[in-house]
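The values are calculated or read from the model by the stated rules, or taken from the named source; none is laboratory data. Everything numeric here is computed off the predicted structure, so don't read it as measured data. Heads up, the Cβs are rebuilt from the backbone with ideal geometry, glycines too, and the neighbour counts pull from every protein chain shown.
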Amino acid sequence: MIIQVNGESQDIPDHCTAQKLVEILQMQNDKIAMEVNLEIIPRSTYSNFFLNQNDKVEIVRAIGGG
Amino acid sequence: MTDSFTIAGKQYQSRLLVGSGKYKDLEETKLATDVSGAEIMTVAIRRTNIGQKPGEPNLLDVLPPDQITYLPNTAGCYTADDAIRTCRLARELLDGHNLVKLEVLGDEKTLYPNVDQTYVAAETLINDGFDVMVYTNDDPIAAKRLEDMGCVAVMPLAAPIGSGLGIRNPYNIRSIVENAKVPILVDAGVGTASDAAIAMELGCDGVLMNTAIAGAKNPILMASAMKKAIEAGREAYLAGRIPKKQYASASSPIDGTFF
């Protein structure tokens, strides 16, 4: 199925969890936060959170800024 | 001399707060931040780069949050909704960390704050349990209102962000300081060490700066200069400067002259 991740289309397997997505993107060791359709998904619930077709996912990190 | 100040119940010794943007690389960010002695550092919340090489160094590795207090900011937000969303993502990212810098911009050319949207965002964030340090105009009425709403620190601009123009309105900054019961920090517009010292001499509790250090020819040396300027300005404020007078006042006694 197709979802949007940070504004770009991403083809992921059906029944994909947030945890699986993070692994596909090789971000499992990174300090990130995730939002799906404007709702924050707590890191502790990634394994139980199933993504759906057309979900809009934002994955953010802390970078240098003023 | 112990001269700490308190934000949201936590004491800080350093009155210099720094941003972490605009540096050449992470090594320079770390060196300048360490030299500055800052205990609070702003960070931006942005999208991760999809397809980035895993294990690439990042800010959290070189300046871990257990060594310096992270202050996620909402830079780049032009609406209350975007700012609120950014703060909530930051809290999740930093494991429940509630201290944020709220900045809602009004215009790309000046980067002046949109104070109306700042009020809206501040109210929601405070109700949601955030400790809000708020960027605002050098307007004593707006500053007081943000304090009354429950912001933990109010941070008026000295001049537009990144402009380096220095304290454009010292009388307003002083009015804001005199009326405040929460820490007042000058945020934005400082260009060089004397600007930082002036902010502190006006009685500000601290100064937050980024470009003045990161954009200097030698950022690490400027970080050192800013640290000293903040300390010097603070000590001068506490010492109490002499009044300004139009005419001279001799330093040597007149008594005992033999000529």
**OP:** Would you confirm whether any residue within the stretch B:174-195 is assigned to a loop (DSSP other than H, G, I, E, B), touching a residue at least 12 places away in the same chain (Cβ under 8 Å), in contact with a Pro (Cβ under 6 Å, 6 or more places away or on another chain) and of a type in the set (D, E, K, R)?
**Re:** no
Subject >> From B:Asp139, B:Asp128, B:Asp187, residue being more than 19 Å from A:Gly65 (Cα to Cα), within 14 Å of another protein chain (Cβ to nearest Cβ) and not aromatic (Phe, Trp, Tyr) >> reply: B:Asp128
**OP:** Of all residues in the stretch B:94-113, count the ones that are closer than 20 Å to A:Met34 by Cβ, surrounded by fewer than 23 Cβ atoms within 10 Å (Cβ to Cβ) and not acidic (Asp, Glu).
**Re:** 4
Original post:
Which one is nearest to the other protein chains (Cβ to nearest Cβ) among residues in the stretch B:144-161 that are part of a loop (DSSP other than H, G, I, E, B) and over 21 Å from B:Ala236 (Cα atoms)?
Top reply: B:Ile161
Original post:
Looking at the stretch B:162-177, is at least one residue of a type in the set (D, E, K, R), surrounded by fewer than 22 Cβ atoms within 10 Å (Cβ to Cβ) and either within 24 Å of B:Tyr112 (Cα to Cα) or within 14 Å of chain A (Cβ to nearest Cβ) (or both)?
Top reply: yes
Original post:
Of the residues that sit in the stretch B:62-102 and are acidic (Asp, Glu) and more than 9 Å from every other protein chain (Cβ to nearest Cβ), which one is farthest from the chain's Cα centre (by Cα)?
Top reply: B:Asp81
Subject >> Residue list for the stretch B:133-143, restricted to those being surrounded by fewer than 24 Cβ atoms within 10 Å (Cβ to Cβ), in contact (Cβ under 8 Å) with a residue 24 or more places away in the chain and either assigned to a helix (DSSP H, G or I) or among the aromatic types (Phe, Trp, Tyr) (or both) >> reply: B:Pro140, B:Ala142
Original post:
Out of the stretch B:201-215, which residues are crowded, with 19+ Cβ neighbours inside 10 Å, within 14 Å of chain A (Cβ to nearest Cβ) and either in a helix (DSSP H, G or I) or over 12 Å from the mean Cα position of the chain (by Cα) (or both)?
Top reply: B:Thr211, B:Ala212, B:Ile213, B:Ala214
**OP:** Say whether the condition of being more than 8 Å from chain B (Cβ to nearest Cβ), part of a loop (DSSP other than H, G, I, E, B) and in contact (Cβ under 8 Å) with a residue 12 or more places away in the chain is met by at least one residue in the stretch A:20-28.
**Re:** no
**OP:** For the stretch A:32-66, enumerate the residues that are under 15 Å from A:Gln19 (Cβ atoms), at the interface with chain B (Cβ under 7 Å from one of its Cβ atoms) and of a type in the set (A, V, I, L, M).
**Re:** A:Ile32, A:Ala33, A:Ile59
Subject >> Residue count for the stretch B:28-51, restricted to those that are at positive phi and touching a residue at least 40 places away in the same chain (Cβ under 8 Å) >> reply: 1
Original post:
So which of B:Thr79, B:Thr74 is of a type in the set (Ser, Thr, Tyr), surrounded by fewer than 16 Cβ atoms within 10 Å (Cβ to Cβ) and at pLDDT 95 or above?
Top reply: B:Thr79
Subject >> Residue check for B:Ala44: within 13 Å of chain A (Cβ to nearest Cβ), within 20 Å of the chain's Cα centre (by Cα), surrounded by 22 or more Cβ atoms within 10 Å (Cβ to Cβ) and assigned to a loop (DSSP other than H, G, I, E, B) >> reply: no
**OP:** Please work out if B:Lys22 is at the interface with chain A (Cβ under 9 Å from one of its Cβ atoms) and either farther than 22 Å from B:Thr211 by Cβ or part of a loop (DSSP other than H, G, I, E, B) (or both).
**Re:** yes
Subject >> Answer residue from the stretch A:3-19, given it is at the interface with chain B (Cβ under 10 Å from one of its Cβ atoms) and not charged (D, E, K, R) and is nearest to B:Asn49 (Cα to Cα) among those >> reply: A:Asn6
